[in-house]
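In what follows, a single structure is set out as structure tokens and then discussed.
Rule-based calculations on the coordinates, nothing more; no lab input. Everything numeric in this text was worked out from a predicted model, so none of it was measured. Using ideal geometry, Cβ is built from the backbone for each residue, glycine included, and neighbour counts are taken over all protein chains shown.
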């Protein structure tokens, strides 16, 4: 064989060796890095699920919030829009709050609902706007906390003067 043919064969053999697969060290590094990433994800997700309310608690809280909101909207129908104020909007507030419809299960709390108009503020929330401050709208917010004191449901409603 001639010299140029040998060089071509040597170049082909060398090129094949360079392109063939991964080394053992590269595979070990990949496994270690993947394991660390997965361990971090598991730790992060377990912390989030530990503090999150259970679906059963969330469902119970949502039902309690909806029930209170329905009582409040019924109060608006009884009183009319003009008499529907921060002092009268919640039929479960003292002194008439002892009715059976206002009672909540043990470990749950319906945080005092709030009524606000315009750029009002709820006692448990940041400043809110109720349709840009128009006088024909009032907004109601109901929040329910669960057994661990965590908010499990929060509902808003806008009441219009119709």
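Averaged over residues, the count of other Cβ atoms within 10 Å places the peptides 39-47, 135-143 in the sequence 135-143, 39-47, highest first.
When peptides 103-109, 21-27 are ranked by their average number of other Cβ atoms within 10 Å per residue, the highest-first order is 103-109, 21-27. Reducing the range 28-48 and the range 55-102 to their Cα centroids gives an inter-centroid distance of 47 Å.
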